[in-house]
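*Asks:* Take a look at this one; I'll ask things after.
The values are calculated or read from the model by the stated rules, or taken from the named source; none is laboratory data. What you see is a predicted model; the values in this text were computed from it and never measured. Ideal geometry is used to build each Cβ from the backbone, glycine not excepted, and the neighbour counts take in all protein chains shown.
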Amino acid sequence: MKHIKLFEQFINEGTLKTGRDEALANAILAYFYAVEGTPEGDAVQALPGNPIRSDGQVGQQGGLAGWGKDVVKDLSKARRIPSDFMMGNVITIAANNGKSYYFDDSDFVEGDKTIISGTHKMKYREFIAELIKLKIIETPTY
């Protein structure tokens, strides 16, 4: 008999867990923060087999392909890297402060309070820099 996965099971596979995946969440944010022409981008470029990465638009859902997974694996030392994930979940785990973070349309919300408006107009580096400035996450290390 064949086992068929439900959509919810695929979504839950990419959910990071508190107490287990902090290093993985921080590595994902470090990857999205490191873009071409920055010191962080140069550090990622120096990792074996990793190409230059351009900055992209912020979205509720993020994803990693082959090279992105390699960078995150190198930075986090995790054995399994999700292909798709919810960025709010990644930030909640990386923040490790007991607060919940998510996107509400084009706003980024902490609990029930908007903390960053207009995320649809931002690139990932700018968005992560704002999270650092607000002291939600720490500056990525490489």
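*Asks:* Which number in (1) free of Cβ contacts under 8 Å to residues at least 24 places away in the same chain; (2) more than 20 Å from residue 15 (Cβ to Cβ); (3) assigned to a loop (DSSP other than H, G, I, E, B) marks the one condition that residue 41 misses?
*Replies:* Result: residue 41 passes all but (3).
*Asks:* Could you check, for the stretch 115-137, whether at least one of its residues is in contact with a Leu (Cβ under 6 Å, 6 or more places away or on another chain), of a type outside the set (D, E, K, R), in contact (Cβ under 8 Å) with a residue 40 or more places away in the chain and more than 17 Å from residue 60 (Cα to Cα)?
*Replies:* yes
*Asks:* Can residue 123 be described as among the charged types (D, E, K, R), out of contact with any Cys (no Cβ under 6 Å at 6 or more places or on another chain) and either loosely packed, with under 15 Cβ neighbours inside 10 Å or within 19 Å of residue 17 (Cα to Cα) (or both)? First the steps, then the outcome.
*Replies:* Working: among the charged types (D, E, K, R): yes; out of contact with any Cys (no Cβ under 6 Å at 6 or more places or on another chain): yes; either loosely packed, with under 15 Cβ neighbours inside 10 Å or within 19 Å of residue 17 (Cα to Cα) (or both): no.
So residue 123 does not fit the description; no.
*Asks:* Would you please list the contacts, defined by Cβ atoms under 7 Å and residues six or more apart or on different chains, that run from a residue in the stretch 80-92 that is closer than 8 Å to residue 62 by Cα to a residue that is assigned to a loop (DSSP other than H, G, I, E, B)?
*Replies:* From the stretch 80-92, the pairs are 84/14; 85/14; 85/16; 86/60; 87/59; 87/60.
*Asks:* Taking the stated definitions as given, is residue 70 among the acidic types (Asp, Glu) and within 14 Å of residue 128 (Cα to Cα)?
*Replies:* On the way: among the acidic types (Asp, Glu): yes; within 14 Å of residue 128 (Cα to Cα): no.
Answer is no for this residue.
*Asks:* Moving on. Report those strands (runs of 3 or more DSSP E) wholly inside the stretch 61-116 carrying at least 1 residues which are among the polar types (S, T, N, Q), surrounded by fewer than 16 Cβ atoms within 10 Å (Cβ to Cβ) and on the phi < 0 side of the Ramachandran plot. Before you say what the answer is, go through the steps one by one.
*Replies:* Numbers: elements: 61-63, 84-86, 101-104, 107-110, 113-116.
Output list reads 61-63, 113-116.
*Asks:* I would also like to ask the following. Looking at residue 99, is it modelled with pLDDT of 90 or more, within 13 Å of residue 24 (Cα to Cα) and over 12 Å from the mean Cα position of the chain (by Cα)?
*Replies:* Values: modelled with pLDDT of 90 or more: yes; within 13 Å of residue 24 (Cα to Cα): no; over 12 Å from the mean Cα position of the chain (by Cα): yes.
Here the answer is no, as residue 99 does not meet what is asked.
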